[in-house]
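Data first, discussion second: the structure below is written as structure tokens.
The values are calculated or read from the model by the stated rules, or taken from the named source; none is laboratory data. It should be emphasised that the depicted structure is a prediction, and the values quoted were computed from it without experimental measurement. Please note: Cβ atoms are built from the backbone with ideal geometry, for glycine as well, and neighbour counts cover all protein chains shown. The protein model used for the area step is the full one, side chains on, heavy atoms only, and it has no ligands, DNA or RNA in it. Shrake-Rupley method; radii C 1.70, N 1.55, O 1.52, S 1.80 Å.
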Amino acid sequence: MPDSAATHWAALAAAWAKQGTPLRPGPEDAGRYRQAVSTHRPGDGGRRSVLLLGVTRELATLAWPYPVELTAADNSLSMIQALWERDSADRRVACADWRALPFGDRSMDVAVGDGCLSVIEFPGAARPFSRELHRVLRPDGLLVLRLFCRPEAGESLDAVHGALAAGAIDNPHCLRWRIAMAVQGGDVDRGVTRDEIWRAYQPMAAEARAMAGRFAWAPEALELFDAYRGGQLRLHFPTIAEAAAAMREFHLAGVTLGQYAMGERFPVFCFRPA
Ligand SMILES: C[S@@+](CC[C@H](N)C(=O)[O-])C[C@H]1O[C@@H](n2cnc3c(N)ncnc32)[C@H](O)[C@@H]1O
């Protein structure tokens, strides 16, 4: 039963192949990231130093619009071992906490990450996260984050259950995040534990299995709910406004929403150092 960050990520690393879009970035997300990072136009226009927050493979292998020297930072050795292919001349990884990065002041041009504010304490860890990114980015730098955001208007668990039963949720990962956001509700500081998500799912499990057959979900996709059983680690789902407010050392230069189902809950933020 995962009950600490290290054990949680070790378990998730083992189950990573079961994750799917939109929790993992899909082709449309890669396009939004690419469009966002292409707005970084410093004076010299040469090779950029890029910081990758985590080891999200779709970002490590992004078709960058300019030459990059990319350094990934992730504090889970298990995730690094599971997802990082290997270091090369212009790609390397550091096992490091985002709140205490082993990089110099103003050493990075661009930082990118996926879902970062959901996996750290909110706002307790989000504040040092924002400060640390501000420290390592150059003043003309760019921070691009796709974040998992709940809608301003809350949704009840009954409404999620009703949508599932009506066949209106055609993706098992959307189901998991929709349950998670409904259980959390408006209290982003409290967040939601993995175990609470697992428990809220139980009354919906039979319908979910029926939908798995109807929509041909990968047989293992629903097993990720079971990986949450007993997990006390919290996830946090800010609204777009709460996420922007947490990144106080930056100003918001733009947000794009996904065009896929539930895409409004997967915004890509462009932040510039304030
Ligand atoms: C960047 S998020 C990616 C989320 C992914 N899209 C998903 O659905 O789970 C997950 C990664 O963040 C890493 N992580 C979480 N908290 C961290 C921290 N404080 N410092 C560095 N890495 C962290 C985890 O080890 C994990 O590899």
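Tabulated data for the structure shown
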quantity	calculated
Three semi-axes of the equivalent ellipsoid, the chain, Cα gyration tensor, whole Å, largest first	31, 19, 18
Cα convex hull of region 40-90, projected area averaged across orientations, nm²	3.8 nm²
Sequence ranges 248-261, 224-237, ranked by mean other-Cβ count within 10 angstrom, highest first	224-237, 248-261
Principal axis dimensions, largest first and in whole angstrom, of region 176-222 by Cα	36, 16, 15
Whole-Hz couplings from phi, Karplus 6.51/-1.76/1.60, listed for region 27-34; x for Gly and Pro	x, 5, 5, 4, x, 5, 4, 4
Loop GluC sites (Glu not before Pro), region 180-225 (other Cβ atoms within 10 Å of the site Cβ: 14 or fewer; DSSP)	Glu220
For region 157-235, accessible area per residue (1.4 Å probe, heavy atoms of protein chains only), Å²	41 Å²
Convex hull volume per residue in cubic angstrom - Cα atoms of region 157-235	75 Å³
222 nm mean residue ellipticity, helices alone, for the chain (DSSP H n ≥ 4; -39,500 (n - 2.57); rounded to 500)	-9500 deg cm²/dmol
Region 142-274 pair-distance distribution - Cα-Cα, 10 Å bins, rounded %	12, 39, 33, 13, 3
Ranked by how many other beta carbons lie within 10 Å on average, peptides 167-180, 63-76 from highest	167-180, 63-76
